[in-house]
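The values are calculated or read from the model by the stated rules, or taken from the named source; none is laboratory data. Computed from a predicted model, the values in this text were never measured in an experiment. Here the Cβ is made from the backbone with ideal geometry for all residues, glycine too, and neighbour counts use every protein chain on show. Note: accessible area is taken over every heavy atom of the protein model, side chains too, but ligands, DNA and RNA are not part of it. Shrake-Rupley method; radii C 1.70, N 1.55, O 1.52, S 1.80 Å.
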Amino acid sequence: MLFSFEAFATLNRWLGGFWRLILLNLLWTAMTLLGLGLFGIGPASYALATYLDGWFRHGRTPPTIRTFLRDARERLGAAVAMGLVLSAAGVVIGVNLLSLSDWYLRAANHMALIVLLIIGAYVFFVMAATEVRGLHRQIGGALLLGIGSLHWTIIGALAVAIAEAFMLRFAVALFPLLGAVLPFLAVALILRPVLTDLDQAVTAETETPADTPSDPRALTEGHLA
């Protein structure tokens, strides 16, 4: 049975997206390694989040390598600082889990690790897709987004864990090609409707003053209502 033109175009689009994800994964890995991990993971994650947000939320697919490198340089200092903060928190929690013996302290550190993973998953999208500035505000915003979409966060984490376990079990060669980009892909899909709604709310708020009545009594009645 021959493919129709629409089916062929759909298949070509899916294959193009698949290869783009592989390229993004390789770029993220290369930049992280070139930055010796600590200094590379922040800019690489910011660039990956920026590209995925533009792709899935706005349909933009500019040249991958050039765009990724440009985005990585765009907010280099803030991205490096965020990567260092998250890495330092992860080291502290890891040391605590290895050294503490009291069950309640270990439980507290396990909870802290979960919170850190949620922040790490969302914070670079907050940096890339919102106007929130300042590390503490971006971390707070990431935590709010993660907790606010907790059910989708859990579903996304399970989906990523199953996919990566499948690759490790049946297709090991795919893991270095897709292992890093899958968590970012899950978060991009989770945040697509959330950030779209936020953009619409901001747009509506900025347009409201032009639509408000000029009669002061109407304004007063509106506020009292």
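Taking the stated definitions as given, is Leu38 modelled with pLDDT of 95 or more and not β-branched (Val, Ile, Thr)? Spelling it out, it is not the case that Leu38 is modelled with pLDDT of 95 or more and not β-branched (Val, Ile, Thr). Of the residues in segment 42-62, not one is over 30 Å from Gln200 (Cβ atoms) and open to solvent by 30 Å² or more (accessible area, probe 1.4 Å). Hey, any hits in segment 44-62 for a residue that's modelled with pLDDT under 95 and more than 20 Å from Leu189 (Cα to Cα)? Among the residues of segment 44-62, not one is modelled with pLDDT under 95 and more than 20 Å from Leu189 (Cα to Cα), which makes the answer no. Reported count of residues in segment 160-201, each being touching a residue at least 12 places away in the same chain (Cβ under 8 Å) and open to solvent by less than 60 Å² (accessible area, probe 1.4 Å), is 21. Among the conditions (1) modelled with pLDDT under 95; (2) surrounded by 10 or more Cβ atoms within 10 Å (Cβ to Cβ), Pro216 misses just one, which is (2).
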